[in-house]
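The block underneath contains the structure these notes are about, expressed in C-alpha coordinates.
The values are calculated or read from the model by the stated rules, or taken from the named source; none is laboratory data. Remember, predicted model here, so these are calculated numbers, not experimental data. All Cβ positions, even for glycine, are placed from backbone atoms using ideal geometry, and neighbour counts span all protein chains on display. The area values use the complete protein model at the heavy-atom level, side chains included, leaving out ligands, DNA and RNA. Shrake-Rupley method; radii C 1.70, N 1.55, O 1.52, S 1.80 Å.
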Amino acid sequence: MNRLEGKVVIVTGGARGQGAAHARRIVEEGGSVVVTDVLVDDGEASVKALGGTERAVFVRHDVSDRSQWAAVVATAVSQFGGVDVLVNNAGIHHITLIEDETLDGLRQLVDVNLVGVFLGIQAVIEPMRQRGGGSIVNISSLAGLEGFWGHGAYGATKWAVRGLSKTAAIELGPSGIRVNSIHPGVIDTAMLPPGAGAAAATIPLQRIGAPADVAELVVYLASDESSFVSGAEIAIDGGSGAGPFNPMRSAGGK
Ligand code: NAD
(Lines give C-alpha, C1' and ligand atoms only; values in the text may rest on other atoms or scores of the structure.)
Protein backbone atom coordinates (compact mmCIF):
# COMPACT_ATOMS: atom_id res chain seq x y z
CA MET A 1 0.00 0.00 0.00
CA ASN A 2 0.98 3.61 -0.60
CA ARG A 3 3.75 2.81 -3.05
CA LEU A 4 2.47 5.70 -5.18
CA GLU A 5 1.52 8.13 -2.44
CA GLY A 6 1.67 11.71 -3.71
CA LYS A 7 2.16 10.67 -7.35
CA VAL A 8 -0.05 12.09 -10.08
CA VAL A 9 -0.52 9.64 -12.94
CA ILE A 10 -2.12 10.01 -16.38
CA VAL A 11 -3.46 6.72 -17.82
CA THR A 12 -4.61 6.88 -21.44
CA GLY A 13 -7.18 4.36 -22.68
CA GLY A 14 -8.32 3.82 -19.09
CA ALA A 15 -12.02 3.32 -19.80
CA ARG A 16 -11.71 -0.46 -19.81
CA GLY A 17 -9.29 -3.36 -20.12
CA GLN A 18 -5.73 -2.92 -18.96
CA GLY A 19 -5.96 0.85 -18.49
CA ALA A 20 -8.88 0.48 -16.07
CA ALA A 21 -6.85 -2.08 -14.08
CA HIS A 22 -3.89 0.32 -13.97
CA ALA A 23 -6.12 3.13 -12.67
CA ARG A 24 -7.47 0.85 -9.93
CA ARG A 25 -4.02 -0.20 -8.70
CA ILE A 26 -2.72 3.38 -8.84
CA VAL A 27 -5.52 4.58 -6.57
CA GLU A 28 -5.07 1.56 -4.26
CA GLU A 29 -1.40 2.48 -3.92
CA GLY A 30 -2.20 6.05 -2.88
CA GLY A 31 -1.73 7.82 -6.20
CA SER A 32 -4.03 10.21 -8.03
CA VAL A 33 -5.07 9.37 -11.56
CA VAL A 34 -6.35 11.18 -14.63
CA VAL A 35 -8.10 8.52 -16.71
CA THR A 36 -8.48 9.41 -20.37
CA ASP A 37 -10.26 7.72 -23.27
CA VAL A 38 -12.44 8.34 -26.32
CA LEU A 39 -15.15 6.16 -24.70
CA VAL A 40 -16.95 8.64 -22.42
CA ASP A 41 -19.55 6.36 -20.77
CA ASP A 42 -17.04 3.59 -20.10
CA GLY A 43 -14.47 6.11 -18.91
CA GLU A 44 -16.82 7.69 -16.42
CA ALA A 45 -17.93 4.24 -15.25
CA SER A 46 -14.29 3.19 -14.85
CA VAL A 47 -13.62 6.14 -12.53
CA LYS A 48 -16.90 5.62 -10.64
CA ALA A 49 -15.95 1.97 -10.05
CA LEU A 50 -12.95 3.21 -8.08
CA GLY A 51 -15.35 4.00 -5.23
CA GLY A 52 -16.02 7.71 -5.50
CA THR A 53 -12.46 8.72 -4.61
CA GLU A 54 -11.41 12.33 -5.14
CA ARG A 55 -8.09 10.98 -6.42
CA ALA A 56 -9.51 9.94 -9.82
CA VAL A 57 -10.96 11.97 -12.65
CA PHE A 58 -11.99 11.18 -16.22
CA VAL A 59 -11.19 13.35 -19.25
CA ARG A 60 -12.44 12.65 -22.76
CA HIS A 61 -9.31 12.49 -24.85
CA ASP A 62 -8.21 11.33 -28.27
CA VAL A 63 -4.49 10.63 -27.88
CA SER A 64 -3.83 11.40 -31.56
CA ASP A 65 -4.95 15.04 -31.14
CA ARG A 66 -2.19 17.32 -29.85
CA SER A 67 -4.54 20.04 -28.58
CA GLN A 68 -6.37 17.54 -26.37
CA TRP A 69 -3.12 16.61 -24.61
CA ALA A 70 -2.83 20.16 -23.31
CA ALA A 71 -6.25 19.83 -21.67
CA VAL A 72 -5.28 16.51 -20.04
CA VAL A 73 -2.10 17.97 -18.56
CA ALA A 74 -4.01 21.07 -17.44
CA THR A 75 -6.49 18.83 -15.59
CA ALA A 76 -3.68 16.94 -13.84
CA VAL A 77 -2.12 20.23 -12.75
CA SER A 78 -5.34 21.93 -11.65
CA GLN A 79 -6.84 18.90 -9.85
CA PHE A 80 -3.76 17.24 -8.42
CA GLY A 81 -0.85 19.72 -8.69
CA GLY A 82 1.26 18.34 -11.55
CA VAL A 83 2.29 15.23 -13.49
CA ASP A 84 4.67 12.54 -12.19
CA VAL A 85 3.79 9.53 -14.34
CA LEU A 86 2.35 8.99 -17.81
CA VAL A 87 1.08 5.54 -18.81
CA ASN A 88 0.71 5.59 -22.59
CA ASN A 89 -1.74 2.68 -22.71
CA ALA A 90 -4.38 3.64 -25.31
CA GLY A 91 -4.19 1.49 -28.39
CA ILE A 92 -6.09 -0.10 -31.25
CA HIS A 93 -5.49 -3.40 -32.99
CA HIS A 94 -6.46 -5.31 -36.06
CA ILE A 95 -5.20 -8.43 -37.76
CA THR A 96 -4.61 -8.03 -41.50
CA LEU A 97 -2.04 -9.51 -43.80
CA ILE A 98 0.44 -6.98 -45.17
CA GLU A 99 -0.74 -7.69 -48.72
CA ASP A 100 -4.35 -6.87 -47.72
CA GLU A 101 -3.68 -3.83 -45.46
CA THR A 102 -5.13 -0.51 -46.62
CA LEU A 103 -3.40 2.81 -46.27
CA ASP A 104 -6.28 3.98 -44.08
CA GLY A 105 -5.91 0.92 -41.84
CA LEU A 106 -2.19 1.51 -41.47
CA ARG A 107 -2.66 5.22 -40.76
CA GLN A 108 -5.30 4.58 -38.08
CA LEU A 109 -2.93 2.30 -36.21
CA VAL A 110 -0.03 4.73 -36.58
CA ASP A 111 -2.17 7.67 -35.41
CA VAL A 112 -3.28 6.06 -32.16
CA ASN A 113 -0.48 3.65 -31.30
CA LEU A 114 2.51 5.75 -32.34
CA VAL A 115 1.48 9.39 -32.79
CA GLY A 116 -0.53 9.16 -29.55
CA VAL A 117 2.49 7.94 -27.60
CA PHE A 118 4.78 10.53 -29.21
CA LEU A 119 2.43 13.41 -28.38
CA GLY A 120 2.03 12.12 -24.84
CA ILE A 121 5.77 12.13 -24.26
CA GLN A 122 6.06 15.65 -25.63
CA ALA A 123 3.16 16.88 -23.50
CA VAL A 124 4.57 15.72 -20.15
CA ILE A 125 8.25 16.67 -20.50
CA GLU A 126 7.92 20.20 -19.16
CA PRO A 127 5.42 19.36 -16.37
CA MET A 128 7.66 16.49 -15.25
CA ARG A 129 10.74 18.71 -15.25
CA GLN A 130 8.85 21.09 -12.99
CA ARG A 131 8.41 18.21 -10.51
CA GLY A 132 12.10 17.29 -10.72
CA GLY A 133 11.54 14.20 -12.90
CA GLY A 134 9.02 11.51 -13.66
CA SER A 135 8.29 8.12 -15.21
CA ILE A 136 6.85 7.43 -18.66
CA VAL A 137 5.51 3.91 -19.20
CA ASN A 138 4.80 3.04 -22.83
CA ILE A 139 2.62 0.01 -23.54
CA SER A 140 4.04 -1.75 -26.56
CA SER A 141 3.38 -5.47 -27.14
CA LEU A 142 5.06 -8.82 -27.62
CA ALA A 143 4.37 -7.87 -31.25
CA GLY A 144 6.91 -5.08 -30.66
CA LEU A 145 9.60 -7.67 -29.88
CA GLU A 146 8.80 -10.37 -32.45
CA GLY A 147 7.02 -10.76 -35.78
CA PHE A 148 3.46 -12.12 -35.72
CA TRP A 149 1.30 -13.34 -38.57
CA GLY A 150 -1.27 -10.69 -39.53
CA HIS A 151 0.43 -8.05 -37.39
CA GLY A 152 2.37 -6.09 -40.04
CA ALA A 153 0.82 -2.69 -39.37
CA TYR A 154 0.08 -3.18 -35.66
CA GLY A 155 3.50 -4.70 -35.04
CA ALA A 156 5.20 -1.83 -36.86
CA THR A 157 3.58 0.66 -34.48
CA LYS A 158 4.58 -1.38 -31.44
CA TRP A 159 8.19 -1.77 -32.62
CA ALA A 160 8.17 1.99 -33.14
CA VAL A 161 7.01 2.55 -29.55
CA ARG A 162 9.86 0.36 -28.34
CA GLY A 163 12.43 2.39 -30.29
CA LEU A 164 10.89 5.72 -29.34
CA SER A 165 11.02 4.70 -25.67
CA LYS A 166 14.75 4.05 -25.87
CA THR A 167 15.51 7.39 -27.53
CA ALA A 168 13.29 9.20 -25.03
CA ALA A 169 15.11 7.45 -22.15
CA ILE A 170 18.42 8.78 -23.49
CA GLU A 171 17.19 12.31 -24.13
CA LEU A 172 15.16 12.72 -20.93
CA GLY A 173 17.40 10.90 -18.45
CA PRO A 174 19.32 14.07 -17.53
CA SER A 175 15.96 15.63 -16.56
CA GLY A 176 15.27 12.75 -14.17
CA ILE A 177 12.58 11.36 -16.46
CA ARG A 178 12.67 7.57 -16.85
CA VAL A 179 11.12 5.94 -19.93
CA ASN A 180 10.40 2.22 -20.24
CA SER A 181 8.31 -0.01 -22.50
CA ILE A 182 6.07 -2.89 -21.43
CA HIS A 183 5.45 -5.75 -23.85
CA PRO A 184 2.33 -7.71 -22.91
CA GLY A 185 1.60 -11.08 -24.50
CA VAL A 186 -2.00 -12.26 -24.77
CA ILE A 187 -4.04 -10.36 -22.17
CA ASP A 188 -7.74 -10.98 -21.59
CA THR A 189 -9.45 -7.80 -22.79
CA ALA A 190 -11.95 -6.69 -25.43
CA MET A 191 -9.03 -6.23 -27.82
CA LEU A 192 -8.63 -9.97 -28.30
CA PRO A 193 -10.26 -11.65 -31.27
CA PRO A 194 -12.87 -14.33 -30.46
CA GLY A 195 -11.32 -17.63 -29.42
CA ALA A 196 -8.01 -16.10 -28.36
CA GLY A 197 -8.29 -17.91 -25.02
CA ALA A 198 -7.14 -21.03 -26.86
CA ALA A 199 -3.71 -19.41 -27.00
CA ALA A 200 -3.22 -20.60 -23.41
CA ALA A 201 -2.01 -23.97 -24.70
CA THR A 202 0.89 -22.25 -26.52
CA ILE A 203 2.03 -20.25 -23.49
CA PRO A 204 4.59 -21.82 -21.13
CA LEU A 205 2.61 -20.75 -18.05
CA GLN A 206 -0.49 -22.30 -19.68
CA ARG A 207 -2.80 -19.32 -19.29
CA ILE A 208 -3.44 -15.99 -20.95
CA GLY A 209 -2.71 -12.90 -18.87
CA ALA A 210 -5.12 -10.72 -16.92
CA PRO A 211 -5.11 -6.92 -16.89
CA ALA A 212 -4.18 -7.13 -13.21
CA ASP A 213 -0.93 -8.92 -14.11
CA VAL A 214 0.18 -5.96 -16.20
CA ALA A 215 -1.04 -3.45 -13.59
CA GLU A 216 1.52 -4.77 -11.08
CA LEU A 217 4.33 -4.00 -13.53
CA VAL A 218 2.90 -0.55 -14.19
CA VAL A 219 2.86 0.20 -10.44
CA TYR A 220 6.49 -0.89 -10.17
CA LEU A 221 7.62 1.30 -13.09
CA ALA A 222 5.55 4.24 -11.81
CA SER A 223 6.98 3.99 -8.30
CA ASP A 224 10.37 4.97 -6.92
CA GLU A 225 11.14 1.25 -6.53
CA SER A 226 12.27 1.40 -10.18
CA SER A 227 14.28 4.62 -9.74
CA PHE A 228 17.31 3.26 -11.71
CA VAL A 229 15.28 1.51 -14.42
CA SER A 230 15.12 3.42 -17.70
CA GLY A 231 15.28 2.42 -21.34
CA ALA A 232 14.20 -1.11 -20.42
CA GLU A 233 11.82 -3.28 -22.43
CA ILE A 234 9.94 -5.66 -20.16
CA ALA A 235 7.95 -8.58 -21.54
CA ILE A 236 4.95 -9.79 -19.51
CA ASP A 237 3.74 -12.78 -21.46
CA GLY A 238 3.75 -15.98 -19.42
CA GLY A 239 7.00 -16.97 -21.11
CA SER A 240 5.71 -16.74 -24.69
CA GLY A 241 8.64 -14.65 -25.85
CA ALA A 242 11.23 -16.97 -24.35
CA GLY A 243 11.27 -19.22 -27.40
CA PRO A 244 9.26 -21.87 -29.25
CA PHE A 245 7.19 -23.98 -26.90
CA ASN A 246 4.69 -26.15 -28.70
CA PRO A 247 6.92 -27.66 -31.40
CA MET A 248 9.22 -29.45 -28.91
CA ARG A 249 6.33 -30.34 -26.65
CA SER A 250 4.28 -31.99 -29.36
CA ALA A 251 7.43 -33.86 -30.41
CA GLY A 252 7.26 -35.84 -27.17
CA GLY A 253 8.17 -33.61 -24.23
CA LYS A 254 6.19 -33.61 -20.98
P1 NAD B 1 -8.85 -2.37 -24.88
O2 NAD B 1 -9.35 -2.28 -26.27
O3 NAD B 1 -9.73 -2.94 -23.84
O4 NAD B 1 -8.36 -0.95 -24.35
C5 NAD B 1 -7.81 0.04 -25.19
C6 NAD B 1 -8.42 1.37 -24.80
O7 NAD B 1 -7.82 2.40 -25.60
C8 NAD B 1 -9.94 1.41 -25.04
O9 NAD B 1 -10.62 1.85 -23.89
C10 NAD B 1 -10.06 2.39 -26.19
O11 NAD B 1 -11.28 3.12 -26.20
C12 NAD B 1 -8.87 3.29 -25.96
N13 NAD B 1 -8.54 4.07 -27.15
C14 NAD B 1 -8.55 3.64 -28.44
N15 NAD B 1 -8.25 4.66 -29.25
C16 NAD B 1 -8.04 5.75 -28.47
C17 NAD B 1 -7.69 7.10 -28.73
N18 NAD B 1 -7.52 7.55 -29.99
N19 NAD B 1 -7.55 7.95 -27.69
C20 NAD B 1 -7.74 7.49 -26.41
N21 NAD B 1 -8.09 6.24 -26.11
C22 NAD B 1 -8.22 5.38 -27.13
O23 NAD B 1 -7.48 -3.24 -24.98
P24 NAD B 1 -6.29 -3.46 -23.94
O25 NAD B 1 -5.84 -4.84 -24.09
O26 NAD B 1 -6.65 -2.96 -22.57
O27 NAD B 1 -5.17 -2.51 -24.58
C28 NAD B 1 -4.32 -1.67 -23.81
C29 NAD B 1 -2.95 -1.60 -24.47
O30 NAD B 1 -2.30 -2.88 -24.41
C31 NAD B 1 -2.98 -1.22 -25.95
O32 NAD B 1 -1.93 -0.32 -26.24
C33 NAD B 1 -2.74 -2.54 -26.66
O34 NAD B 1 -2.19 -2.38 -27.94
C35 NAD B 1 -1.79 -3.20 -25.69
N36 NAD B 1 -1.69 -4.67 -25.79
C37 NAD B 1 -2.77 -5.47 -25.61
C38 NAD B 1 -2.63 -6.85 -25.65
C39 NAD B 1 -3.78 -7.81 -25.43
O40 NAD B 1 -3.59 -9.02 -25.64
N41 NAD B 1 -4.93 -7.35 -24.97
C42 NAD B 1 -1.37 -7.40 -25.92
C43 NAD B 1 -0.29 -6.55 -26.11
C44 NAD B 1 -0.44 -5.17 -26.03
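What to note about this one:
Okay, residues lined up against (1) more than 12 Å from the chain's Cα centre (by Cα); (2) more than 10 Å from the ligand (Cβ to nearest atom); (3) in a helix (DSSP H, G or I):
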{"site": "3", "(1), (2), (3)": "yes, yes, no"}
{"site": "23", "(1), (2), (3)": "no, yes, yes"}
{"site": "27", "(1), (2), (3)": "yes, yes, yes"}
{"site": "33", "(1), (2), (3)": "yes, yes, no"}
{"site": "53", "(1), (2), (3)": "yes, yes, no"}
{"site": "57", "(1), (2), (3)": "yes, yes, no"}
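- Among the residues making up region 98-131, those that are more than 16 Å from the ligand (Cβ to nearest atom) and open to solvent by 60 Å² or more (accessible area, probe 1.4 Å) are 98, 99, 100, 102, 103, 126, 129, 130, 131.
- Filtering region 68-97 to residues that are hydrophobic (A, V, I, L, M, F, W, C), under 17 Å from the mean Cα position of the chain (by Cα) and crowded, with 20+ Cβ neighbours inside 10 Å leaves 69, 72, 83, 85, 86, 87, 90.
- Of all the listed residues (24, 55, 3, 60), the sole one being basic (Lys, Arg) and under 24 Å from residue 119 (Cα atoms) is 60.
- Selection status of residue 144, at pLDDT below 95, open to solvent by less than 60 Å² (accessible area, probe 1.4 Å) and farther than 23 Å from residue 6 by Cβ: no
- Restricting region 17-62 to residues that are open to solvent by less than 10 Å² (accessible area, probe 1.4 Å) and without any contact (Cβ under 8 Å) to a residue 60 or more places away in the chain, the residue that is farthest from residue 122 (Cα to Cα): 43
- The condition of being more than 23 Å from residue 93 (Cβ to Cβ), touching a residue at least 40 places away in the same chain (Cβ under 8 Å) and surrounded by 13 or more Cβ atoms within 10 Å (Cβ to Cβ) holds for only one of 227, 223, 240, that being 223.
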